[in-house]
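Colleague: Have a look at this one before I ask anything.
The values are calculated or read from the model by the stated rules, or taken from the named source; none is laboratory data. What you see is a predicted model, and the numbers here were worked out from it, not measured in a lab. Virtual Cβ from ideal backbone geometry, glycine too; neighbours counted across all protein chains shown. When the accessible area is computed, the model is the full protein with side chains, heavy atoms only, and any ligands, DNA or RNA have been set aside. Shrake-Rupley method; radii C 1.70, N 1.55, O 1.52, S 1.80 Å.
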Amino acid sequence: VTGVQTCALPISVREELATTAEQVGTAALAMGDRVVLKVVSDAIAHKSDLGLVRVGVAASDAARVADELLGRAAQVAADAAVTGVVVQECVEDAVAEVILGVSRQHPFGPTITYGLGGVFTEIFADVSFGVPPSDEQWARRMVLGTKSAPLLTGARGREHGDVDALVETIMALQHFVTECGDRVAELDLNPVLVRPRGRGVVAVDALLIVAD
């Protein structure tokens, strides 16, 4: 958001925008064995709902899959101007997928949302809410107070997630929202992949809606 001087969220995944299938193939080979491909268009907010995202694509197949995605975009969103295809590093060690969001709830103003993310956000509706400003203890309660918290705390032999990094990210998001004031109408980071303890978290998709 223009004019906001805030702390950077060090959680973005490595990615590159390509405008041709050939560029997609080149970028994919530079990123590793497997990548994520996403069609990019300002007119398409939820790409996965339209089948415009592919996860775990072999780098050697990336150009062909990109062609398929662009063809599908022309069918299911014919009026949308497509910028290209994002080639994204594939993060495969996630302990859990969560959502972090910001919305405006009357009469509280900006409200931070945390919950189970990915495709399960609407299915289970396991979320907690907080109104900034607050402290790290509040952010930790947001995380550990949800029904899905055991996914991050080693339940049934699972690997512990990096809850400390997740709490730090919530605090950075709070700082961002406080500086933005009324300029952000809505912000969703979904999914945010929580990696094993000590390895941090990474946001692999985001939607930002700027206020009129």
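Colleague: How many of the residues in region 55-98 are open to solvent by 60 Å² or more (accessible area, probe 1.4 Å) and within 19 Å of the chain's Cα centre (by Cα)?
Modeller: 4
Colleague: If you don't mind, there's one more thing I want to ask. Have a look at Ala172, Ala149 and point out the one that is surrounded by 13 or more Cβ atoms within 10 Å (Cβ to Cβ), within 21 Å of Arg14 (Cβ to Cβ), out of contact with any strand residue (DSSP E or B) (no Cβ under 9 Å at 6 or more places or on another chain) and among the aliphatic types (A, V, I, L, M).
Modeller: When all the criteria are applied, what remains is Ala172.
Colleague: Another question about this same structure. Got a sec? Which of Val184, Val131, Val143 is within 28 Å of Val210 (Cβ to Cβ), touching a strand residue (DSSP E or B) at 6+ places or on another chain (Cβ under 7 Å) and open to solvent by 30 Å² or more (accessible area, probe 1.4 Å)?
Modeller: One residue alone meets the criteria, Val131.
Colleague: Here is a follow-up. Select from region 143-189 the residues that are part of a loop (DSSP other than H, G, I, E, B) and touching a Ser or Thr at 6+ places or on another chain (Cβ under 6 Å) and list them in ascending order.
Modeller: Gly145, Thr146
Colleague: Now a separate question. Of the residues Leu144, Leu116, Leu100, only one is in contact (Cβ under 8 Å) with a residue 40 or more places away in the chain and closer than 18 Å to Ala165 by Cβ; which?
Modeller: Every option except Leu100 fails the conditions.
Colleague: How many residues, within region 100-117, are of a type outside the set (Lys, Arg), in contact with a Pro (Cβ under 7 Å, 6 or more places away or on another chain) and open to solvent by 20 Å² or more (accessible area, probe 1.4 Å)?
Modeller: Of the residues in that region, 1 qualify.
Colleague: Next question, about the same structure. Specify which of the listed residues (Val204, Val163, Val210) is closer than 18 Å to Glu92 by Cβ and touching a residue at least 24 places away in the same chain (Cβ under 8 Å).
Modeller: After ruling out the rest, the residue left standing is Val204.
Colleague: Please find, among Val102, Val24, Val35, the residue that is at pLDDT 95 or above and in contact with a Leu (Cβ under 8 Å, 6 or more places away or on another chain).
Modeller: Within the list Val102, Val24, Val35, the selection yields Val24.
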